[in-house]
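Okay, so here's the structure we're looking at.
The values are calculated or read from the model by the stated rules, or taken from the named source; none is laboratory data. Only a predicted model underlies this, so the values are computations on that prediction, with no experimental measurement involved. Positions of Cβ are generated from backbone atoms using ideal geometry, with glycine treated the same way; all protein chains shown enter the neighbour counts. Ligands, DNA and RNA are excluded from the accessible area calculation, which covers all protein heavy atoms including side chains. Shrake-Rupley method; radii C 1.70, N 1.55, O 1.52, S 1.80 Å.
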Amino acid sequence: MNAPLLPPDLDELDRELAEMTALTQAPAVTSTLTSPPTSTPTPPPHPTHAPAPVSEPHDLDEMDWTPSKVRTVAELEAELDAEQEAAEQRQQPFLQPDAAARAAIVAPHDPALASNPHLAAWRQRMAEVGHASALARPLLRCGRLTRAAGLVLEAIGIRMPVGAGALIELQPGNSSKMAEAEVVGFSGERLFLMPTTEVAGLLPGARVFPLELAPVEDPHAGQKRLPVGFGMLGRVVDSAGRPLDSLGPLKTEADASLHGTLINPLLRDPIHEVLDVGVRAINALLTVGRGQRMGLFAGSGVGKSVLLGMMARYTSAEVIVVGLIGERGREVKEFIEQILGAEGLARSVVVAAPADVTPLMRLQGATYATTLAEYFRDCGKNVLLIMDSLTRYAMAQREIALAIGEPPATKGYPPSVFAKLPALVERTGNGPKGGGSITAFYTVLTEGDDQQDPIADSARAILDGHVVLSRSLAESGHYPAIDIEASISRAMAALVTEQQFDDVRRFKQSLSRYQRNRDLIAVGAYASGRDPLIDRAIAMYPRLEAFLQQKMQERADHGTSLAQLGALFSTG
C-alpha cells in the first residue's frame, strides 16, 4: 500500500475536524461557547491580538439592527483595506529565510477561531506552506541551442519576438557565464539569433534564456533600452551604452527604446532656418537648414573625417552626436583626440562601433546614435548628427540578412538593406513646431569613386542633398575637396535670399566654364578674347579656388561666408 501524500497528523486532524463540525451543528450546543473542550489544549493567544470571547446570537430577531450597529459600505471597505495591509505586513517575515523569521511564522489570529484549535492548526499549517512558497525559486523558461553556423545561432523550445535579447549559457570555466544575443528571425519553431558578445565556449544544447530589458508596465516592454541624457555629453560609449573613455559610470537621467517613435509628417516643422556648420563652401554655396539630412559622398582617403571634424567643432548646433560605425579602431581615437578635439567633445556624445565588433553591434551603434539625437531633439535642442558611415551600416545589415538566408539582390545587397536605410534616416529631421531638430550628415563610401554604387544611389534618393568629395581635388592639395558642381542642397532655395541665389549661380557658371575648357587653356589652345565669359572665368578662377579652400583650424561663420561670396562679384 502506498504511503499517504499528507503527513500522518493531518489525517487525525481531519477526523477531529469532522467531529467538531458535527458537535457545532448539534442543537444542544450554542454559539455562546467560550472555552474549548478539556480534552484539547487551547492554542496560545496571538502575540499582537488578545483573544476575545465569541458571543454572537444566531437568531436574526435577537440581533441589534439599530443604525449605530449597521456598518456602511465605506466602513466595510475601510475594514477590508485594514485587513489587506495587515496581511501584507504578516507576509514580510516569510520572505526572510533566517531562523528568527522562521520561528516567527504564526498563523493570522482570528478571534472567531479562538475556540476551535483544529481550524487554528490548519491556519498555522497554511502559514508554513505560504512561507515555503515565498522561498521557492521561480521557474525560468528557456530553450535549447541546436545549431551554430557562421554568424547565426539556432534555438528551439522558446518563443521570443524579433529584436528581443537573449542570454546563452557558456561552458563552465569561461571568463563569462553567459553570452548575449539578439533574435534576428525565425522559421517555424526555430529562432535565429545573432551574438552580440564573444561566444567562445558555446556548447551544443546550451540553454537560451530571454533577456528582460523593460518593466512589464512599460509601453515599450520587451524592446531594448539604452541610457540617454545630458550626463552623456563629453563621453565615448560603445553600441551597448558602456563607457569606453575610463571616466567612470554614466550619469544619465533616463533610458530610451532603440526603436524610437514615428512622427506624423504633417506635424514636422518645415526647414526654414539656416544651420551654420563653420565651413565656407557649405555655408555659402550649399546652405544647410536645421533638420536637413545631407550625404557626404566620398571614397577612402579624400578628407571626409577632417571635414566632419570641422563641422563638429564649428557648428552652431547645441548638441552633437557622432556615430563611428565600422571604423578602424585606430581611427576612432584619432578622430576624437585630433579631429574632434576637446572643444567639440565637450558638447558631443560619441558612439563607437569599430570594425572588429559583430555586425549586429555595428547595426545597433547606428541606431543608438540616432536614439540619442532623438532624445536631445525631444528636449528642445538643435542637434547635429554625424554618422560615419551609412555604407558600413548597410554592409552590417547585408551580413546579417545573408547569414539567415535572405537572397541577395542588387550587387549582393538583400532587399532588407534598402528597407533599413530610409527607416533609419527618416527618424532624423525636425520635430513638431516649436521643438528641436536633428540635422544629419551621413558619409557614404563610394567604391572606386563610383557614384552609381547601389548604396550611394539609394542614399541620394532619400537624403535632402549631397556633398561630393573629389579625389582629384584631394590629390592636388585642395582641401576640403568639395566638388561644387556635383553637390547640391535641396532645401537651399527656401533658406537663401535672391541675391545669394544669384551669386551662387554665377559662381557655379564661372567655375563650370573654366573646368570645361581647362585642357584647352592648359595647352594654350584657347586664345584670349574669343569668349568674354571664358575670359572672365579664367580671370576669376584663382579667387574661386581660394574661396573653396579652408584650413582645418579656420572657422568661417555663415555671415562671413556670405560677405566673401558677395565680394567676388561686387565689381560686376
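Shown are Tyr479, Tyr393, whose ranking by accessible area with a 1.4 Å probe and every protein chain present, most to least, is Tyr479, Tyr393.
When the Cα atoms of the range 369-497 are aligned to their principal axes, the ranges along those axes come out at 46, 40, 23 Å in descending order. If I take every Cα pair under 8 Å that is 6 or more residues apart in the range 230-495, average their sequence separation and divide by the length, what percent do I get for the relative contact order? After rounding, I find 28 percent. Taking a straight line from the alpha carbon of Lys411, these lysines sit under 29 Å away, with near neighbours fewer than eight places off in the same chain left out: Lys304, Lys420. Annotation: peptides 327-335, 438-446, ranked by per-residue average of other Cβ atoms within 10 Å with the highest first, follow the order 438-446, 327-335. Scaled to the globular estimate 2.2 N^0.38 Å, the Cα spread of the range 230-495, given as radius of gyration, is 0.94.
The range 525-540 and the range 453-507 have Cα centres spaced 26 Å apart. Ratio of Rg to Rh for the range 143-210: 0.92 [Cα atoms; Kirkwood radius as inverse mean 1/r over pairs].
Rolling a 1.4 Å probe over the protein heavy atoms gives the range 143-210 an accessible area of 52 Å² per residue.
All other residues whose Cβ lies under 15 angstrom from that of Met395 are scored, Lys and Arg at +1 and Asp and Glu at -1, for a net of -1. Given a 1.4 angstrom probe, I'd like the percentage of the accessible area of the range 230-495 that is carbon and sulfur, rounded to a whole number. After summing per-atom areas, the C and S share lands at 55 percent. In the context of the full protein assembly, Met540 retains an accessible surface of approximately 0 Å², using a probe radius of 1.4 Å and ignoring ligands and nucleic acids. Among Lys381, Lys551, Lys177, the order of accessible area from largest down is Lys177, Lys551, Lys381, computed with a 1.4 Å probe on protein heavy atoms. Per atom type, the range 143-210 shows carbon and sulfur on 53% of its accessible surface, probed at 1.4 Å. Take Val129: with every protein chain present and a 1.4 Å probe, its accessible area is about 70 Å².
Would you mind working out the accessible area per residue for the range 230-495, using a 1.4 Å probe, and quoting it in Å²? Kindly include the intermediate steps, with their values, before the conclusion.
Working: 9690 Å² over 266 residues.
On a per-residue basis, 36 Å².
Residue order by solvent-accessible surface for Arg530, Arg159, Arg347, Arg242 is Arg159, Arg530, Arg242, Arg347, largest first, with ligands and nucleic acids left out and a 1.4 Å probe.
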